[in-house]
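Heads up, the thing below is written out as structure tokens.
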């Protein structure tokens, strides 16, 4: 996933479009598994976008920590589970100008 803008701590409404690289349209559950900078984990449940993408819009609390996040796409279907390659993104402290 390419992020073309800075993401700030506490941001709400940031849209993630995660390219899974394969057709995931047979899936029934579309998730982004997150490891936050403090080591805690979260699951963001998104929606299918096109045939290859998971789309998720951040909500309050999703980006509560500044630092580096690690993420993986996960798709669950009737008879399969697909986990995509990991990617990282950075969240900068709120209130700082870069």
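With the structure loaded, tell me whether residue 54 is farther than 19 Å from residue 11 by Cα, buried (at least 16 other Cβ atoms within 10 Å of the Cβ), touching a residue at least 12 places away in the same chain (Cβ under 8 Å) and touching a strand residue (DSSP E or B) at 6+ places or on another chain (Cβ under 6 Å) or whether it fails that test.
On the way: farther than 19 Å from residue 11 by Cα: yes; buried (at least 16 other Cβ atoms within 10 Å of the Cβ): yes; touching a residue at least 12 places away in the same chain (Cβ under 8 Å): yes; touching a strand residue (DSSP E or B) at 6+ places or on another chain (Cβ under 6 Å): yes.
It is true that residue 54 is farther than 19 Å from residue 11 by Cα, buried (at least 16 other Cβ atoms within 10 Å of the Cβ), touching a residue at least 12 places away in the same chain (Cβ under 8 Å) and touching a strand residue (DSSP E or B) at 6+ places or on another chain (Cβ under 6 Å).
Taking only the range 32-49 into account, find how many residues are within 26 Å of residue 94 (Cα to Cα) and either touching a residue at least 60 places away in the same chain (Cβ under 8 Å) or part of a strand (DSSP E or B) (or both). Even if it seems obvious, please write down each step before you answer.
Pass one, the range 32-49, residues within 26 Å of residue 94 (Cα to Cα): 32-46.
Going one step further and asking which of them are either touching a residue at least 60 places away in the same chain (Cβ under 8 Å) or part of a strand (DSSP E or B) (or both), we end up with 32-35, 41-45.
Within the range 32-49, residues that are within 26 Å of residue 94 (Cα to Cα) and either touching a residue at least 60 places away in the same chain (Cβ under 8 Å) or part of a strand (DSSP E or B) (or both) number 9.
Condition (residue is out of contact with any strand residue (DSSP E or B) (no Cβ under 8 Å at 6 or more places or on another chain), more than 16 Å from residue 86 (Cβ to Cβ) and without any contact (Cβ under 8 Å) to a residue 24 or more places away in the chain) applied to the range 16-27: is it met by at least one residue? Full working, then the answer.
The initial filter retains those residues of the range 16-27 that are out of contact with any strand residue (DSSP E or B) (no Cβ under 8 Å at 6 or more places or on another chain), namely 21, 23, 26.
Filter once more, so that each one left must be more than 16 Å from residue 86 (Cβ to Cβ): 23, 26.
Right, trim to without any contact (Cβ under 8 Å) to a residue 24 or more places away in the chain and you get none.
No: the range 16-27 contains no residue that is out of contact with any strand residue (DSSP E or B) (no Cβ under 8 Å at 6 or more places or on another chain), more than 16 Å from residue 86 (Cβ to Cβ) and without any contact (Cβ under 8 Å) to a residue 24 or more places away in the chain.
Hey, among 27, 46, which residue is within 10 Å of the chain's Cα centre (by Cα) and surrounded by 13 or more Cβ atoms within 10 Å (Cβ to Cβ)?
Details: 27 fails: within 10 Å of the chain's Cα centre (by Cα).
Every option except 46 fails the conditions.
Hey, can you tell me all the residues within the range 66-80 that are surrounded by fewer than 16 Cβ atoms within 10 Å (Cβ to Cβ) and either modelled with pLDDT of 95 or more or closer than 20 Å to residue 37 by Cβ (or both)? Full working, then the answer.
At the first step, the residues of the range 66-80 found to be surrounded by fewer than 16 Cβ atoms within 10 Å (Cβ to Cβ) are 67-68, 70, 72, 76-80.
Once the filter is applied, which keeps residues that are surrounded by fewer than 16 Cβ atoms within 10 Å (Cβ to Cβ) and either modelled with pLDDT of 95 or more or closer than 20 Å to residue 37 by Cβ (or both), the range 66-80 yields 67, 68, 70, 72, 76.
The values are calculated or read from the model by the stated rules, or taken from the named source; none is laboratory data. For clarity, every value in this text was computed on a predicted model and none was experimentally measured. Cβ sites come from the backbone with ideal geometry, for glycine too, and all protein chains shown count toward neighbours.
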